[in-house]
Amino acid sequence: MEGLGTGIRIFGCKIGIVSKRFFVYTKPILILTLTLILTSTEQVKRQMEEKYIKEKYMKEALRQAKKAAALGEVPIGCVIEYEGKIIGRGYNRRMVDKTALAHAEITAIRKACKYMGDWRLEGCTIYITLEPCPMCAGAIVQARIPFVVIGSMNPKAGCAGSVLNLLQEKGFNHQAEVKTGVLQEECSKMLSAFFQELRKKKGKKNAAVIQETDTADEPSEPK
């Protein structure tokens, strides 16, 4: 028959005799399809890489939280990353240091500022196991940290969207990009286990700690 070819190969497989005219008409569609497939593959690869990086640094924040737990503190940890390097670490030391300022984020920000030689932490990403409180959210804004990654949300005191969203308040001159739910289950389990153990213990001293921390730092259950 006139106008028939001898066949074409697609992905290495030979397709039977195909009309040359048909191939001319469908060639743009095939090219577009291949382009979409390649683009989608690159996007998936990029998303997987981003997920790996976020989880990598959140695991470091969890290591900091374990240090707090070893001291009998509410296990909250934080790290700050800049150009692939951790430049600030911190964990909750509120009871040990006997100061309301000894939060994980404040310690990490102080160390990161010292490393950078500046109060601005532009280009940095902060990883926190629990949604920041008003003080820490304010410090993040003041430090101009552009990216915030959170493990577990805090419906009773969180200021990254739960009670307030100070990190994205349009009235401020700085707003941060926020990613939540990174290793949420691990972060929540650590906090929940701490409070369960605390409730088992008896005595006025522990009761006072429970009364203080129960209403502020206990996380939401992972979905």
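FYI, it's all coordinate maths here, none of it is from the lab. Here the structure is a predicted model, which means the values were calculated and not measured. Cβ atoms come from the backbone with ideal geometry, glycine included; neighbour counts cover every protein chain shown.
Annotations
- Under 15 Å from the Arg120 label point (7 Å along Cα→beta-carbon), backbone N, the range 156-184: 173-175
- The range 56-94: GluC sites (Glu not before Pro) in DSSP loop, at most 14 other beta carbons within 10 Å: Glu83
- Within the shell defined by Cβ-Cβ distances under 14 Å, the residues around Val149 carry a net charge of -3, with Lys and Arg each +1 and Asp and Glu each -1.
- Qualifying trypsin sites (Lys or Arg not before Pro) for the range 98-185 [loop in DSSP, other Cβ within 10 Å: at most 11]: Lys98, Lys170
- Each of Leu121, Pro132, Gly171 was scored by the projection of its Cα onto the charge dipole of the range 104-190, and the greatest displacement toward the positive side belongs to Leu121; charges sit on the C-beta of Lys, Arg, Asp and Glu.
- Neighbourhood net charge (10 Å Cβ-Cβ; Lys/Arg +1, Asp/Glu -1) for Glu186: 0
- Within-9-Å neighbourhood charge of Gly90 [Cβ basis; K, R +1; D, E -1]: +3
- Relative contact order (%) - the range 52-196, alpha-carbon pairs under 8 angstrom, separation at least six: 20 percent
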